Every structure is written in structure tokens, then in C-alpha cells.
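Written below as C-alpha cells is the structure these notes are about.
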Amino acid sequence: MPQLNATISPGLWRALLDYAERTHEPLAHIVSKALADYLQVTHHTLYQVSTATALVEGIYQGAVRVGTLREHGDLGLGTFENLDGEMVIVDGHFFQVRADGVVRECDDEVLSPFAVVTRFAPEATVTLAQCPDLSHLTSRFDALRHTDNVFFALRVDGHFEYVHARAMCRSQEGVPLVRAAAAQPEFEFRDVEGTLVGFWTPEYARALNIPGYHLHFLSTDRSSGGHLLQCRGTGLRLQLQSEGDYRVALPETEDFLKADLRRDPTADLARAEGEKT
């Protein structure tokens, strides 16, 4: 990665430090984003709060405001403080899908313990006339991905004949994700227009994020959604963007700093996130 050395005024340096302290954003990312804006070039950055391992171990305390996440992108997913439902970020709007199925748009003060967001400008788009299941959908994305070694942001729009989704129930801090997910309510939607948003994560990053595909659903009328378990649809438009920069903001909460995060989260993530058989 190229290094940039520059001399700036004391006032600008103080402003830069103040902004970094307020947003918990690395200095290098702030400078890169500012340069990209000034030079009018695309700078795809995946911005993540906390880690998948922390989520598996029950670290659910809110670490960042939705207002801060909004500064980093317009597409993404996550959850909310105390694991209170699913976060779906579509076109810059942040939605919470609660365990009772209710969908609401969030204001800037709502807290999240884990979220992933990016500014979406797709590099590839294809139309899938028929999609019999989720496996077929992900296989088409596999064909669009040019490597297994970088992160990708994904979006799917169209008519879904069937969607199987779930939303996490509010849980106490410290309850492992597998136990919290055991009682998750599941929903089935039929003949609905909607959007899938999410990410593909390389296997080597499994301690940081959920390896493979992770997608959340939101209906066009904003009345239903959740973490995607299965789907079937027609005339689906698939869009993909590779991420050239990956930034993780680690929480400074006491629970995160004292947690034992050495355990491999892969098996627990598969049990908690996948469709029950």
C-alpha cells in the first residue's frame, strides 16, 4: 500500500484528530475518503463495527450510532443494541426488522453493536430470469466474482415468489449467539417485490465477519424483511461491487475489551445464521 507524507497546518491537524475521536474512524481512512471526494474518484470502502467473533460471544452493547454509520455508506446490514432485530440499509435508509415482524426506519441516535456498510456503486449487473433457490442465486454471484480474496458488496432487486427470513429477538448481554438464535422467529413472504443487500466475505476473514454470503431482505413497501434464509424469484437484477478497502472500528466498551475472543466462531455462526434443517 502506498504511503503518503504531507505537512498540514496545526488547525487542520486538530480538526482531523477531533473528527477521528468523534467517529472512531482511522486517520488513514478519513484522508483517503477526503482525497477521493476532492478528486472525484470512486473509493470503495467496507466499514465495519466490531467483529463476528464478538457477536458470537454475546457482545451486544451498542458501540456506534446509526448517524455515524450513515456517514460511511448507503448499503449494508447489521443488528441493534441487545441484538434487537435485523438492520437493513437500502439507498441510505436504515431499517430495523424486529422479532415481531414490524419494520421501522431508524433515527441517528439508535445504537448498533455490529454493522457493515459501504457506499454502493456497482461494477457488474446481470439479470436472472429464473431463480429457483438461494443456492442458484449465490452461484450466479460466484460467477461474477473475480477472486476469493477480497470482500464484495451485493444487491438484488426484483420479484420474489418466496422469501424465508428471520429476525433476532432482543437478548441479554453475554448470552452466546447460538443460544440467542435458538428462539428466533421466522417469517415466510410470498409474491413480494423487494431488495436483498449484503456481502461476501473471504474465508480467511472468518474471525472478523461471516464467511461466504450474508444477505438481508427488505420489501419494496418497507413492511417486511429480515435475515435471509431462503428465496425464490423471477426477473432478479443482481449487482456486485468489489471492496478495495476494509476498515474495522473496534468497540471501546468494557465488555468487548475484557471478552475472550480467541475461539473460532465459524461453527457457531453457521448454526446461528443458516436455515434450520
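The values are calculated or read from the model by the stated rules, or taken from the named source; none is laboratory data. Just so you know, these numbers come straight off a predicted model, no measurement behind them. Here the Cβ is made from the backbone with ideal geometry for all residues, glycine too, and neighbour counts use every protein chain on show. Side chains included, ligands, DNA and RNA excluded: accessible areas come from the protein's heavy atoms. Shrake-Rupley method; radii C 1.70, N 1.55, O 1.52, S 1.80 Å.
Here are a few things to note about the model shown:
- The chain: calculated mean residue ellipticity at 222 nm from DSSP helix runs of at least 4, using -39500 (n - 2.57): -6500 deg cm²/dmol
- Neighbour net charge for PHE187 - beta-carbon separation under 13 angstrom, K R +1, D E -1: -2
- Sequence-distant residues sharing a close amide H with ALA249 (under 5 Å, placed H): GLN48, VAL49, SER50
- At 0.890 mPa s and 25 °C, Stokes D of the stretch 57-211 from Kirkwood alpha-carbon radius, µm² per second: 147 µm²/s
- Entry comment: accessible area of the stretch 196-266 is 43 Å² per residue, from protein heavy atoms only and a probe of 1.4 Å.
- Across the chain, C-alpha contacts under 8 Å between residues 6 or more apart give a mean separation that, scaled by the residue count, equals a relative contact order of 26 percent.
- Solvent-free Debye scattering, log10 I(q)/I(0), computed from the Cα coordinates of the chain at q = 0.12, 0.15, 0.16, 0.17 Å⁻¹: -0.73, -1.14, -1.29, -1.45
- In the stretch 205-277, a dipole from Cβ-located charges (positive for Lys and Arg, negative for Asp and Glu) runs towards its positive end, and of LEU238, ALA205, GLY226 it is LEU238 whose Cα lies farthest in that direction.
- Count Lys and Arg as plus one, Asp and Glu as minus one, and take only other residues whose Cβ is under 13 Å from that of ARG247; the net charge is then -2.
- For the chain, the fraction of 1.4 Å probe accessible surface lying on carbon and sulfur atoms is 51 percent.
- Relative contact order for the stretch 47-142, counting Cα pairs under 8 Å that sit 6 or more residues apart, in percent: 32 percent
- The stretch 46-138 - accessible surface per residue (Å², probe 1.4 Å): 32 Å²
- The heavy atoms of THR220 present about 80 square angstrom of accessible area, all protein chains included, probe 1.4 Å.
- Charge sum, other residues only, whose C-beta stays under 11 Å from ARG155's C-beta, Lys/Arg counted +1 and Asp/Glu -1: -2
- The stretch 186-210-the stretch 65-134 distance, computed between alpha-carbon centres (Å): 10 Å
- For the stretch 171-269: relative contact order, % (alpha-carbon pairs under 8 angstrom, 6 or more apart): 25 percent
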